[in-house]
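Remarks on the structure that follows.
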Amino acid sequence: MNFSDDFFDAESNSFIDDERLKSKVKKCKEYVSAGQTITFLGNIEDTIQLCLENDYTEDGFFLTEAALEISPYSSELWHSKGIFYNNLFEFEKAYLCFDKTLSLNPSDVEAMINKSIAEDNLGLWDEAITTLENAMAIEPNNEEVLFNLGIFYERKDYYEKAIDFFRQTVTLDKDYGDAWYELGFCYESNNQLEKAMEAYEKFLDIEPYSASGWYNYGIVFLRLNEYEKAINCFELATAINEDFANGWYNCGLAYSKINRYKEAREAFLKAFELDPFDDLIPLNIAQAYEATGDYKSAIKYFNESLKICKSNIDAYIGLGNCYARNNDRKKMLHNFSMIVKYTLHNNSVQVLAKNKTKFLEETYLEVQQLQVSLKNSEDLTPLADAYFELGMWENAFKCFKKNSEDKSEISNSYYGMALCLFMLNENEKALDYLLKSFELNPGTEAIFIEYFNDFESTQLYILLTDSI
């Protein structure tokens, strides 16, 4: 029983459509089921190769298993099986297959490359590098080996080493597009922007319809403050791939930089349509509306940003500015308090990140000791600070207030009372104490701005301190 004459013709070696490949796979499976694997082993091996080239992983794996029963010492079949396991993300099994391949053919460089991929996915980074170095010792001018060494070093942020391997790759093959692309990325990451630009230009000469290539090229122009050129690149990227959310977003950023807010909004809105879960996109939409005085629309999108990330301080600042310009004092103060709250929260999270339990236990113990030792003291600042660290705002407020009544560190006491009241949502009283602390000691204002640095130079801060 033979395959039809056209089972493997000249055309099928270069291109095969889906239906024809399915037909070939079906025939091979029939021969396996009929116990004729040995008779048609050559045809089955050719079909396995087609499965590798066309991502027919499960079918290819089945045929490879069958072929190995007949030819268990074929290094090529073990290599194919390893590739199929890699494609199935079963990297431990892939690793064993590549090991078997190399035991049968120790100089198989392609198997070494694929083994390094399995090792990398198993977290065996040093072993992957060693495998590739062994391959390079056999074939020092193999561009695939050099390229993969570059990729591995790039992933570890060893950009200089990666650049060296990518340079060697493109020296051997000037049309190796992926190597030019990665070279551009490494130069960009290493702040060698002119060289990054040259590498991306080479890549785009080879792959002129690459959306990611035009996008990365645009990022370089954006970093060089060449906004018109960046816009051209991002618009080409989004023309090639209309669903390229990052392309639309960065196009919006570039338009914003040259005060073309209408075009910026259009780009940001498209990005938001494609990626509704990134809080920075509605934030930028809001800022583009704010820049043109459309505070109603700006408020809408600042709030959209906060729906996604409630701790986005820039959104609270934007809302505070908009409400300040709309003379809405209550909402202005609310957003002022939210900036205070989230700044304190974010900083305490960083402090507690190392050992929250230990910190809380030590602070509670400190509070207990201070309550005894400071019982008749006029200065309750240490106790107030300890309560503040624990988030016990009312207790902290009472201690600061007692200090102010005893004329002890009045400015610092007012400042502490203000922060406590912001945390307790008593914003008008908080503002009053804050401004008093500034009046009594101008240095307090500097301390405030250093800690809550997001406020400086905003419309909200200017309005709040105007009466000092």
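The values are calculated or read from the model by the stated rules, or taken from the named source; none is laboratory data. Since this is a predicted model, take the numbers as computed values, not measurements. Here the Cβ is made from the backbone with ideal geometry for all residues, glycine too, and neighbour counts use every protein chain on show.
Taking segment 220-254 as the range and being within 16 Å of Ala271 (Cα to Cα) and of a type in the set (A, V, I, L, M) as the test, the residues that pass are Ile231, Leu236, Ala237, Ala239, Ile240, Ala245, Leu253, Ala254.
Restricted to segment 399-423, and to residues that are farther than 22 Å from Glu445 by Cβ and in contact (Cβ under 8 Å) with a residue 12 or more places away in the chain, which residue is surrounded by the most Cβ atoms within 10 Å (Cβ to Cβ)?
Applying the filter and picking the extreme gives Cys399.
Within the set Ala135, Ala118, Ala111, the sole residue that is under 27 Å from the mean Cα position of the chain (by Cα), buried (at least 16 other Cβ atoms within 10 Å of the Cβ) and not basic (Lys, Arg) turns out to be Ala118.
Flag: Asn312 does not match the condition of being under 25 Å from the mean Cα position of the chain (by Cα), closer than 21 Å to Ser210 by Cα and surrounded by fewer than 23 Cβ atoms within 10 Å (Cβ to Cβ). Checking each residue in segment 434-468 for being within 21 Å of Asn346 (Cα to Cα), at pLDDT below 85 and either surrounded by fewer than 14 Cβ atoms within 10 Å (Cβ to Cβ) or among the hydroxyl-bearing types (Ser, Thr, Tyr) (or both) picks out Glu456, Thr458, Tyr461.
Restricted to segment 266-303, and to residues there that are surrounded by fewer than 18 Cβ atoms within 10 Å (Cβ to Cβ) and among the polar types (S, T, N, Q), the residue that is farthest from the chain's Cα centre (by Cα) is Thr292. The residues of segment 411-431 that are over 18 Å from Tyr387 (Cα atoms) and more than 41 Å from the chain's Cα centre (by Cα), listed by number, are Ser411, Lys429.
Scoring Val25 on the criteria (1) of a type in the set (A, V, I, L, M, F, W, C); (2) out of contact with any Asp or Glu (no Cβ under 6 Å at 6 or more places or on another chain); (3) surrounded by 14 or more Cβ atoms within 10 Å (Cβ to Cβ) leaves a single failure, condition (2). Residue count for segment 62-85, restricted to those that are more than 21 Å from Ser103 (Cα to Cα) and aromatic (Phe, Trp, Tyr): 1. For segment 39-75, taking the residues that are within 26 Å of Pro106 (Cα to Cα) and among the β-branched types (Val, Ile, Thr), the one that is surrounded by the fewest Cβ atoms within 10 Å (Cβ to Cβ) is identified as Ile70. Of all the residues in segment 198-245, those that are among the hydrophobic types (A, V, I, L, M, F, W, C) and touching an Asp or Glu at 6+ places or on another chain (Cβ under 9 Å) number 10.
Within segment 75-97, residues that are of a type in the set (Asp, Glu) have Cβ atoms under 7 Å from residues that are not in a helix (DSSP H, G or I) in these pairs: Glu92/Leu122, counting only partners at least 6 apart in sequence or on another chain.
When Thr130, Thr101 are screened for being among the hydroxyl-bearing types (Ser, Thr, Tyr), modelled with pLDDT of 95 or more and either under 32 Å from the mean Cα position of the chain (by Cα) or surrounded by fewer than 20 Cβ atoms within 10 Å (Cβ to Cβ) (or both), only Thr130 passes. Whether a residue is within 25 Å of Asn142 (Cβ to Cβ), buried (at least 16 other Cβ atoms within 10 Å of the Cβ) and of a type in the set (A, V, I, L, M) was assessed, and Val170 passes this test.
Restricting attention to segment 98-111, does a residue exist that is farther than 20 Å from Asn148 by Cα, in contact (Cβ under 8 Å) with a residue 12 or more places away in the chain and either assigned to a helix (DSSP H, G or I) or of a type in the set (Gly, Ala, Ser) (or both)? Yes, the conditions are met somewhere in segment 98-111.
Conditions (1) under 30 Å from Leu68 (Cβ atoms); (2) assigned to a helix (DSSP H, G or I); (3) without any contact (Cβ under 8 Å) to a residue 60 or more places away in the chain, marked per residue:
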site	(1), (2), (3)
Glu144	yes, yes, yes
Asp157	no, no, yes
Arg167	no, yes, yes
Glu182	no, yes, yes
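When Pro276 is tested against the conditions (1) part of a helix (DSSP H, G or I); (2) more than 23 Å from Gly320 (Cβ to Cβ); (3) of a type outside the set (S, T, N, Q), the lone failure is (1).
Just to be sure before I move on: is Ala135 touching a Phe, Trp or Tyr at 6+ places or on another chain (Cβ under 8 Å) and outside any loop (DSSP other than H, G, I, E, B) in the structure I sent? So Ala135 fails the test.
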